[in-house]
Amino acid sequence: MSRKLPFLLSIIAMIGGVFISIIFGANESFFKDRIAQGLENNVKIQSITDEATKQEKIKSEKDKNWRYFQRYHFHANGIASITLALLVFLAFVKASDKEVMIAAYSVAIGGFLYPFVWLFAAIYGPEMGRDEAKEAFAIFGYMGGVHLLGIIYTLYLAAVRPWKAPLV
C-alpha cells in the first residue's frame, strides 16, 4: 500500500478537479450564490458607507472569489497530471527504495494538498476576506513548496542514478 498511496493521491486529486468542473457545468449558480451570500456577511465590505463603492467592491470580490474556485480546478488537475507523470518516471530510476519513496511522497502529498489553498480561499474568502482566507489556510499553500522540492529531488535522482530502461 505504501507504494500505491502516491499514485492514489494523484488520481484522487484528478477526481476532485474534474468533479468540481462537473458541478460548475451542472450548477454554476450554486458557487456564485454562495459567494454573494458570503460577501453580504463580510464585515469590511458591509461597513463601506458609499453605496457605489460598496457595489463596485462586491462585484470585484465576486469575480476574484469565483476565480479561486476555478484555480482549484486548474491546479488540482494540472498538478495531479504532473505528479502522475513524475511517479511513472520514478519507476525508471534505479535509486534506493527510500530515495524513491521520499521523492514520490513529496511530489504526491505536496501536489495533492496545494490546490486546497484555492478551494478553501474560495469557500471562506467571501465572508473572511480573500487575504485572510489564504492566510488561514496557508499550510496548504506551503505544500506547493513540498511538491517543488519533490520535483527537484526527482530531477536529482534522475541525474545521478542510472535508469532501468532507456527512454527514447
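Could you check how many residues of segment 130-155 are more than 15 Å from TRP66 (Cα to Cα), of a type in the set (Gly, Ala, Ser) and either touching a helix residue (DSSP H, G or I) at 6+ places or on another chain (Cβ under 6 Å) or not in a helix (DSSP H, G or I) (or both)?
2
If you take the residues of segment 113-129 that are in a helix (DSSP H, G or I) and buried (at least 24 other Cβ atoms within 10 Å of the Cβ), which of them is farthest from the chain's Cα centre (by Cα)?
Per the criteria, the residue is PRO126.
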Could you identify the single residue in PHE112, PHE137, PHE74, PHE69 that is aromatic (Phe, Trp, Tyr), touching a residue at least 12 places away in the same chain (Cβ under 8 Å) and closer than 23 Å to MET1 by Cβ? PHE112
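What are the residues in segment 142-165 that are under 30 Å from ILE45 (Cβ atoms) and buried (at least 17 other Cβ atoms within 10 Å of the Cβ), if any? Working first, answer last.
Step one: list which residues in segment 142-165 are under 30 Å from ILE45 (Cβ atoms), which gives 142-144.
Correct list: MET143, GLY144.
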Of the residues SER47, SER10, SER29, SER21, only one is in contact with a His (Cβ under 9 Å, 6 or more places away or on another chain) and polar (S, T, N, Q); which? SER21
With the condition kept exactly as written, say whether any residue in segment 77-96 is modelled with pLDDT under 95, closer than 21 Å to ILE22 by Cβ and within 21 Å of the chain's Cα centre (by Cα). no
With the structure loaded, tell me whether GLY129 is closer than 30 Å to ASP33 by Cβ and modelled with pLDDT under 95 or whether it fails that test. yes
Condition test on ALA52, is it at pLDDT 95 or above and either closer than 30 Å to ALA165 by Cβ or part of a helix (DSSP H, G or I) (or both)? no
Kindly indicate whether any position in segment 39-46 is surrounded by 12 or more Cβ atoms within 10 Å (Cβ to Cβ), touching a Lys or Arg at 6+ places or on another chain (Cβ under 7 Å) and either in a helix (DSSP H, G or I) or free of Cβ contacts under 8 Å to residues at least 12 places away in the same chain (or both). yes
Residue check for ILE109: closer than 17 Å to ILE15 by Cα, aliphatic (A, V, I, L, M) and buried (at least 16 other Cβ atoms within 10 Å of the Cβ): yes
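Return yes when LYS54 is touching a residue at least 12 places away in the same chain (Cβ under 8 Å) and farther than 24 Å from GLY150 by Cα and no when it is not.
Here the answer is no, as LYS54 does not meet what is asked.
The values are calculated or read from the model by the stated rules, or taken from the named source; none is laboratory data. A quick note: this is a predicted structure, and the numbers were derived from the prediction, not measured. Note that each Cβ is placed from the backbone with ideal geometry, even for glycine, and that neighbours are counted across all protein chains shown.
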